[in-house]
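The values are calculated or read from the model by the stated rules, or taken from the named source; none is laboratory data. Note that the structure is a prediction, hence the values are computed from the model and not measured. Don't worry about glycine lacking a Cβ; one is built from the backbone with ideal geometry, like all the others, and counts go over all protein chains shown. Protein only, heavy atoms only, side chains kept; ligands, DNA and RNA dropped before computing areas. Shrake-Rupley method; radii C 1.70, N 1.55, O 1.52, S 1.80 Å.
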Amino acid sequence: MLQSERLKFICTTIFTTGRTPEHWHDSMINNYICVPIHTLTGELIALDLTQIEQQPARNNASADQEPETRLLNQLLTIEQYADYFRQHGLLCCLTINFQLARAVVESAFIQRILGHLPFVRLKLSEDFPNLHDGPNNPMLRALTDQLNILWLDDLGAGDANLNALQSKMFEAVKLDRQFYLDNVSKPFFNILIANIRQYTNRVIVEGVQCEIQLEKLAASKIWAVQGYYLPIMALGDMDAGLH
């Protein structure tokens, strides 16, 4: 609880003064990696941010963080690169599970931070509880009612289907990597993508292996590819790695 209050203080300091506490920045960015997302022509449009799971240490309080504390850490880290995202017109994708989603919905402070970071997109995995209920899922409805912009991850992994998209609650959807690899050569692939694009015209593909596949994706009007033009990189190396 004390750690959560400290993070709130740091967030407030940053948003009111624009200054970050000494040594905080360097220690936090080492815990994150990002995967670039490009258009099919190679234009960078987004970064998928992931927190590295640290090996729990003895008596390490951070090994068992409350969801709100964990999310505050992530948002605070993103805020340090806010100018970079704004200047380059980039989106930042942040994966949330049910516990983190609840922290978003229940914390006015987190909602305020997200309001300062309009380029952030909250990505839900396909195993999110009762995802197929769409707007009848109270958590999903609460997230969208608060004007959070949602992305759907791992479509095709097997835990949900197109029902998750039919309410048009998701700005973008990313195909499950193995699902894509298993189906890209099938004759019905274009039809499958066309069905998905009825509900969102922003479809992201991970696992593209060659230019021939890229041409096929262009014919299917795929919006973006992840990890094709540039590999995973440490957040601290982002500026150098993207140029």
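Of all the residues in region 185-227, those that are open to solvent by 30 Å² or more (accessible area, probe 1.4 Å) and in contact with a Pro (Cβ under 9 Å, 6 or more places away or on another chain) number 1.
Scanning region 117-142 for residues that are in a helix (DSSP H, G or I) and out of contact with any helix residue (DSSP H, G or I) (no Cβ under 6 Å at 6 or more places or on another chain) returns 133, 134, 136, 138, 140. The condition of being of a type outside the set (A, V, I, L, M, F, W, C) and under 17 Å from residue 92 (Cα atoms) does not hold for residue 178.
Within region 143-158, the set of residues being open to solvent by 60 Å² or more (accessible area, probe 1.4 Å) and assigned to a helix (DSSP H, G or I) comprises just one member, 145. Region 163-243 holds strands (runs of 3 or more DSSP E) entirely within its bounds, and those carrying 3 or more residues that are in contact (Cβ under 8 Å) with a residue 12 or more places away in the chain and in contact with a Ser or Thr (Cβ under 7 Å, 6 or more places away or on another chain) map to 170-175.
Within the span defined as region 119-142, one or more residues are aliphatic (A, V, I, L, M) and surrounded by fewer than 17 Cβ atoms within 10 Å (Cβ to Cβ). Could we say that residue 166 is open to solvent by 50 Å² or more (accessible area, probe 1.4 Å) and either under 14 Å from the mean Cα position of the chain (by Cα) or within 30 Å of residue 83 (Cβ to Cβ) (or both) here? It is false that residue 166 is open to solvent by 50 Å² or more (accessible area, probe 1.4 Å) and either under 14 Å from the mean Cα position of the chain (by Cα) or within 30 Å of residue 83 (Cβ to Cβ) (or both).
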